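S.K.: Could you have a look at this structure, given as structure tokens, before my questions?
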Amino acid sequence: PFSDEEVAIVLASLDVLPDRLAPAAVQLLRTPLHLDLFASLVRNSCGSLHRLRGIASLQELYGVLWDEVVRAAIANGPSAADREAVLRVIVARMHSAQHVSVPVSVLDSLSSSAANKAGEWLTSAGILVSNTDTLSLLHQSFFDYCYARFFVGDGKNLLSTVLTSDQGLFIRPQILQVLAYLRGTGHPEYVSQLQGLLESDSLRVHLFELTIRWLGAQANPSDAEWTVMRRLIFNAARRG
């Protein structure tokens, strides 16, 4: 991570004063990727600066990127729906293949002209990275964000999805992706899904331990999260 002084130097080049940012935002920007995304959004005048000043998590930073770049209103360009459709297809293929890139031909499942135009635009905007015959997203963490966003947006339920799966290794990143998205966006389902996982008798031990470690790693637990943890402490079966 960068030091606060190094972050301040970059912010000064953007005419952004560190003391005008939320303390959580300054901490977030100590990670080089996060600072790079923040700088790109400021330089391109994407989104209102007051929204960027208040970010407290990577989920919120990606939320600005999604609203102000992925779904930006552009003249004489691919529609926001086409851009989102391209990302949906790419993310679905990455998830099913458990791979960080996909062949360019994956877009053939969409209307070729619209998909190609949207893919080219997303590449020019830095959302997609083109490498000869393959496409990837700007970062693994953005895949996590997109996957979780589509999962939640489609009305899927994390608890039922996990419990009806084989609960093997591939379900582990899915749990973390969706929990992080729900938590970072303040989604009302977050606490109930988290509590459901931790109190389910059908959740395998390795997934229970994964979830409890993830919860324990959160720097600033909310009151609701503290309540979930207290319930676990007084759950004799789980303590054992």
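S.K.: How do 66, 226, 214 stack up against each other in accessible area, from largest to smallest, with a 1.4 angstrom probe?
M.R.: 226, 214, 66
S.K.: Can you give me the distance in nm between label points at residue 44 and residue 104, each placed 7 Å from the Cα along the Cα-to-Cβ direction?
M.R.: Inter-label distance under the simple model: 2.1 nm.
S.K.: Let me ask something additional. Pop the C-beta distance of residue 56 and residue 112 into the FRET formula with R0 = 35 Å and round what comes out to the nearest 0.05.
M.R.: 0.30
S.K.: Treating each Cα of the range 1-98 as an identical point scatterer and ignoring solvent, apply the Debye formula and state log10 I(q)/I(0) at q = 0.11, 0.22, 0.24 Å⁻¹.
M.R.: Results for the range 1-98 at q = 0.11, 0.22, 0.24 Å⁻¹ read -0.39, -1.06, -1.18.
S.K.: Can you divide the C-alpha Rg of the chain by 2.2 N^0.38 Å and report the result to two decimal places?
M.R.: Against the empirical 2.2 N^0.38 Å value, I get 1.11 for the chain.
S.K.: For residue 165, what is the net charge nearby, where nearby means another residue's Cβ is under 14 Å from its Cβ and Lys, Arg count +1, Asp, Glu -1?
M.R.: Net charge in that neighbourhood comes out at +2.
S.K.: Would you tally the net charge around residue 135, using a Cβ to Cβ cut-off of less than 14 Å, leaving residue 135 out, and scoring K and R as +1, D and E as -1?
M.R.: Residues near residue 135 contribute 0 overall.
S.K.: In a solvent-free Debye calculation with one equal scatterer on each Cα, what is log10 I(q)/I(0) for the range 84-222 at q = 0.09, 0.19, 0.22 Å⁻¹, listed in the order of the q values?
M.R.: -0.32, -1.08, -1.30
S.K.: Cα extents of the range 147-205 along the three principal axes, largest first, in whole Å?
M.R.: 27, 21, 16
S.K.: Can you compute the radius of gyration and Dmax for the range 106-177, using only the Cα atoms, both in Å?
M.R.: Spelled out, the Cα radius of gyration and Dmax of the range 106-177 are 15.1, 40 Å.
S.K.: Only Lys, Arg, Asp and Glu count, each charged at its Cβ (+1, +1, -1, -1), so figure out the dipole size of the chain about its Cα centre, rounded to 20 debye.
M.R.: 460 debye
S.K.: How large is ³J(HN,Hα) for each residue in the range 174-188, as worked out from phi by the Karplus curve 6.51 cos²θ - 1.76 cosθ + 1.60 (θ = phi - 60°), to whole Hz, x for Gly and Pro?
M.R.: Values per residue, Gly and Pro as x: 4, 4, 5, 4, 6, 4, 4, 5, 4, 5, x, 9, x, 5, x Hz.
S.K.: Once Lys and Arg get +1 and Asp and Glu get -1 on their Cβ, which of 29, 62, 17 lies farthest toward the positive end of the dipole of the range 5-151?
M.R.: 62
S.K.: Same structure again: Per residue, how much accessible area does the chain have with a 1.4 Å probe, in Å²? Show your work: numbers first, answer last.
M.R.: Numbers: 12460 Å² over 240 residues.
Result: 52 Å² of accessible area for each residue.
S.K.: Among 136, 162, 196, whose Cα lies farthest out toward the positive end of the dipole of the range 123-213, if unit charges sit on the beta carbon of Lys, Arg (+1) and Asp, Glu (-1)?
M.R.: Looking along the dipole axis, the top candidate is 136.
S.K.: Report the net charge of residues surrounding residue 106, where surrounding means a beta-carbon distance below 13 angstrom and charges are Lys +1, Arg +1, Asp -1, Glu -1.
M.R.: Here the charged neighbours net out to 0.
S.K.: While we're looking at this one, here's another question. Normalise the Debye intensity by I(0) for the range 1-48, one equal point scatterer per Cα, no solvent, then take log10 at q = 0.25 Å⁻¹ and round to two decimals.
M.R.: The Cα Debye sum returns log10 ratios of -0.93.
The values are calculated or read from the model by the stated rules, or taken from the named source; none is laboratory data. Please read these numbers as outputs of a predicted model, since none were measured by experiment. Note that each Cβ is placed from the backbone with ideal geometry, even for glycine, and that neighbours are counted across all protein chains shown. In case anyone asks, the SASA skips ligands and DNA or RNA and just uses the protein heavy atoms, side chains included. Shrake-Rupley method; radii C 1.70, N 1.55, O 1.52, S 1.80 Å.
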